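Visitor: Pasting in a structure now, in structure tokens, and then I'll have a few things to ask.
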Amino acid sequence: MDHSRVPVLEALEEFRRRGDVVYGPPGHKQGLGADPRVVGIVGEGVFASDVLSLNGLDDRRESQGVLAQAQELMADAVGAEQAFFSTCGSSLSVKTAMLAVAGPGEKILISRNAHKSVIAAVIVNGVQPVWVHPKFDTERHLAHPPEPDDVRRALAEHPDAKGMLLITPTDWGSCADIRGVADVCHGRDVPLIVDEAWGAHLPFHPGLPAWGMDADADLVVTSVHKMGAAIEQSSVFHLQGDRVSPEVLEQREDLLGTTSSSSLVYATLDGWRRQMVQHGHGLLDAALDRASRIRKAVTALPGLRLMGQEVVDQGLTAELDLLKITIDVRDLGISGMQAAEWLRAHCHVDVGSSDTCRISGQITHADDERTENLFIDSLHRLADHAGTIGKRPRVRLPEPRALQLEQAMRPRDAYFAPAEHVPADRAAGRIAAETISPYPPGVPVITPGEVITPAVIDYLRSGAEAGMLLPDAADPTATSFRVTAR
């Protein structure tokens with residue numbers, strides 16, 4: 001296919017060339033009605049390019065097939081049979097993908113290290129989750145993706161499961177054995193969905209971990225805004241084989257998705273695909289070289305422990321995305337949350353993720369010599385000044401098995417059940433009616449329907465006191481919990 005073509009961008013360029021006057025949404029009329037104070041910050045081009053797809057980029061019958069052509073080019077670029085754009089982020093795309101495989105009351109296997117958006121999908125869709133617990137790295141207090149044998153055991157115990165949702169890469173860069181999991185799923189003729197939100201760049205360089213479509217996944221969801229060059233909320237479904245019906249997927253997306261899709265998302269997805277096909281290998285080559293230099297510099301800094309190839313060599317994870325620079329800071333005597341705050345305040349550097357133990361920064365094709373040096377210099381300063389950072393209460397990290405809570409009720413039933421608030425010292429043994437997710441990275445410690453334990457209460461309370469963010473908890477201080485009423 002001709003990857004020099006960018007159907008959405010071409011249609012947008014033509015729309016702006018024609019100078020059409022629109023008597024419909026958006027109400028700002030290509031910026032004419034926008035507050036100049038807003039335009040002064042976000043720019044005229046944002047409003048000028050905010051155009052309806054129908055009766056804008058295309059006619060009401062979609063006779064020019066603008067979006068369809070762009071999606072065909074995307075599918076060809078990444079080796080999928082079909083691709084569908086989504087403008088609501090992968091949070092909604094994952095909900096759609098799950099609903100295309102399992103309906104209300106049906107079982108689906110899910111990696112328990114899933115993002116809170118997956119738990120939201122479980123609640124909204126009404127599916128019965130079968131949690132497949134991740135491989136826990138005790139030394140780093142970090143969850144790596146589950147392994148094929150974990151999935152095999154879960155399918156043997158739940159042969160009526162309709163499919164599997166695997167999360168890879170993780171926020172910290174560890175990657176699953178997708179092909180191995182796909183083989184297990186396909187051996188029972190159930191589809192494998194891969195939430196590859198952090199992996200949009202993977203198809204475009206052989207030095208990166210396996211890409212879901214190449215590793216026989218049936219349906220892959222990517223967030224192009226995370227590691228690619230499209231704007232926020234840019235997501236793509238990638239589909240192959242016949243285990244997931246494209247008709248059903250489109251209908252489910254129509255059920256959940258917006259009816260006011262953003263032309264800005266479509267246009268930047270289209271342009272990113274062209275960029276990657278034409279220049280991606282070279283751009284990612286440079287990014288990998290840059291990440292290698294940063295990794296070498298980090299290993300020389302006292303008090304910083306870089307997560308590297310050793311996690312693969314030790315059998316903790318199948319692969320590692322080396323563009324994710326994950327650094328344990330506990331030897332500095334501080335938490336990852338404190339490190340993130342110090343870097344922001346003193347170096348104007350914002351890291352991608354942080355938790356009790358570590359920080360993580362991502363390197364993409366957008367980085368250059370300036371951002372490379374800034375990152376290294378800022379880590380130097382952090383190591384040098386860590387002793388000046390005020391001490392905070394210690395987070396009482398639970399043992400790995402303490403995070404595997406009993407699922408006493410279906411999440412949807414618990415979430416919508418009559419609920420009450422109880423003090424933390426009376427919450428143990430009660431059934432949660434809420435999701436509680438330390439953020440970032442946003443992986444829930446508690447999901448609705450799980451039985452709350454003393455170890456988890458202790459973890460969340462001590463975490464909140466130490467600065468852990470619990471934005472989805474009814475009580476972000478974790479001094480009380482929302483539980484199902486007795």
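The values are calculated or read from the model by the stated rules, or taken from the named source; none is laboratory data. Note that the structure is a prediction, hence the values are computed from the model and not measured. Positions of Cβ are backbone-derived with ideal geometry, glycine not excepted, and every protein chain shown enters the neighbour counts. The accessibility values were calculated without ligands, DNA or RNA, using every heavy atom of the protein model including side chains. Shrake-Rupley method; radii C 1.70, N 1.55, O 1.52, S 1.80 Å.
Visitor: Got a sec? Which of Gly463, Gly390 is part of a loop (DSSP other than H, G, I, E, B) and open to solvent by less than 70 Å² (accessible area, probe 1.4 Å)?
Guide: On the way: Gly463 fails: part of a loop (DSSP other than H, G, I, E, B).
Within the list Gly463, Gly390, the selection yields Gly390.
Visitor: Another question about this same structure. Which residue out of Ala70, Ala77 is in contact (Cβ under 8 Å) with a residue 12 or more places away in the chain and open to solvent by less than 20 Å² (accessible area, probe 1.4 Å)?
Guide: Values: Ala77 fails: open to solvent by less than 20 Å² (accessible area, probe 1.4 Å).
Result of the check over Ala70, Ala77: Ala70.
Visitor: Here are some conditions: (1) within 22 Å of the chain's Cα centre (by Cα); (2) over 19 Å from Leu92 (Cβ atoms); (3) small (Gly, Ala, Ser). Ala200 meets all but one. Which one does it not meet?
Guide: If we test Ala200 against (1) within 22 Å of the chain's Cα centre (by Cα); (2) over 19 Å from Leu92 (Cβ atoms); (3) small (Gly, Ala, Ser), just (2) comes out false.
Visitor: May I ask you to list pairs of residues, at least six apart or on different chains, whose Cβ atoms are under 7 Å apart, with the first in the range 327-343 being open to solvent by less than 10 Å² (accessible area, probe 1.4 Å) and the second being polar (S, T, N, Q)?
Guide: Filtered contacts from the range 327-343: Gly336/Ser354; Gly336/Thr356; Ala339/Ser354; Leu343/Ser378.
Visitor: Looking only at the range 21-31, which residues are surrounded by 10 or more Cβ atoms within 10 Å (Cβ to Cβ) and free of Cβ contacts under 8 Å to residues at least 24 places away in the same chain? Even if it seems obvious, please write down each step before you answer.
Guide: Within the range 21-31, the subset surrounded by 10 or more Cβ atoms within 10 Å (Cβ to Cβ) is 22, 24-26, 28-31.
Residues satisfying the conditions are His28, Lys29, Gln30, Gly31.
Visitor: Could you grab me the full set of residues in the range 289-312 that are assigned to a helix (DSSP H, G or I), aliphatic (A, V, I, L, M) and surrounded by fewer than 17 Cβ atoms within 10 Å (Cβ to Cβ)? Give the derivation first.
Guide: Just the residues of the range 289-312 that are assigned to a helix (DSSP H, G or I), to begin with: 289-299, 310-312.
Next, from what is left, pick out any that are aliphatic (A, V, I, L, M): 291, 294, 297-298, 311-312.
Val312, the sole residue that qualifies.
Visitor: May I pose another question? Output the residues belonging to the range 56-67 that are of a type outside the set (D, E, K, R) and open to solvent by 50 Å² or more (accessible area, probe 1.4 Å).
Guide: From the range 56-67, those of a type outside the set (D, E, K, R) are 56-57, 63-67; that's our starting set.
Within the range 56-67, Ser63, Gln64 qualify.
Visitor: Go through the range 232-241 and report how many residues are surrounded by fewer than 22 Cβ atoms within 10 Å (Cβ to Cβ) and modelled with pLDDT of 95 or more.
Guide: Of all residues in the range 232-241, those surrounded by fewer than 22 Cβ atoms within 10 Å (Cβ to Cβ) come to 232-233, 240-241.
Still in the list and also modelled with pLDDT of 95 or more: 240-241.
Counting residues in the range 232-241 that are surrounded by fewer than 22 Cβ atoms within 10 Å (Cβ to Cβ) and modelled with pLDDT of 95 or more gives 2.
Visitor: Related question: Being in a loop (DSSP other than H, G, I, E, B) and surrounded by fewer than 19 Cβ atoms within 10 Å (Cβ to Cβ) narrows it down to one of Gly282, Gly315, so name that one.
Guide: Details: Gly282 fails: in a loop (DSSP other than H, G, I, E, B).
The unique qualifying residue is Gly315.
Visitor: Give me a count of the residues in the range 41-55 that are free of Cβ contacts under 8 Å to residues at least 40 places away in the same chain and either in contact with a strand residue (DSSP E or B) (Cβ under 6 Å, 6 or more places away or on another chain) or open to solvent by less than 70 Å² (accessible area, probe 1.4 Å) (or both). Write out each step before concluding.
Guide: The first filter runs over the range 41-55 and keeps only residues free of Cβ contacts under 8 Å to residues at least 40 places away in the same chain, leaving 41-45, 47-48, 54-55.
Still in the running and either in contact with a strand residue (DSSP E or B) (Cβ under 6 Å, 6 or more places away or on another chain) or open to solvent by less than 70 Å² (accessible area, probe 1.4 Å) (or both): 43, 45, 47-48.
Number of matching residues: 4.
Visitor: Open to solvent by less than 30 Å² (accessible area, probe 1.4 Å) and either modelled with pLDDT under 95 or within 23 Å of the chain's Cα centre (by Cα) (or both): does that describe Val244? Show your work before the answer.
Guide: Details: open to solvent by less than 30 Å² (accessible area, probe 1.4 Å): yes; either modelled with pLDDT under 95 or within 23 Å of the chain's Cα centre (by Cα) (or both): yes.
Here the answer is yes, as Val244 does meet what is asked.
Visitor: So if I check each of Thr259, Thr268, which one is without any contact (Cβ under 8 Å) to a residue 60 or more places away in the chain, open to solvent by 10 Å² or more (accessible area, probe 1.4 Å), more than 22 Å from Pro440 (Cα to Cα) and part of a loop (DSSP other than H, G, I, E, B)? Step through it out loud before you land on a result.
Guide: Details: Thr268 fails: part of a loop (DSSP other than H, G, I, E, B).
Testing whether each residue is without any contact (Cβ under 8 Å) to a residue 60 or more places away in the chain, open to solvent by 10 Å² or more (accessible area, probe 1.4 Å), more than 22 Å from Pro440 (Cα to Cα) and part of a loop (DSSP other than H, G, I, E, B) leaves just Thr259.
Visitor: Being closer than 20 Å to Leu288 by Cα and among the hydroxyl-bearing types (Ser, Thr, Tyr) is true for just one of Thr356, Thr326, Thr388. Which residue is that?
Guide: On the way: Thr356 fails: closer than 20 Å to Leu288 by Cα; Thr388 fails: closer than 20 Å to Leu288 by Cα.
After applying the criteria, what remains is Thr326.
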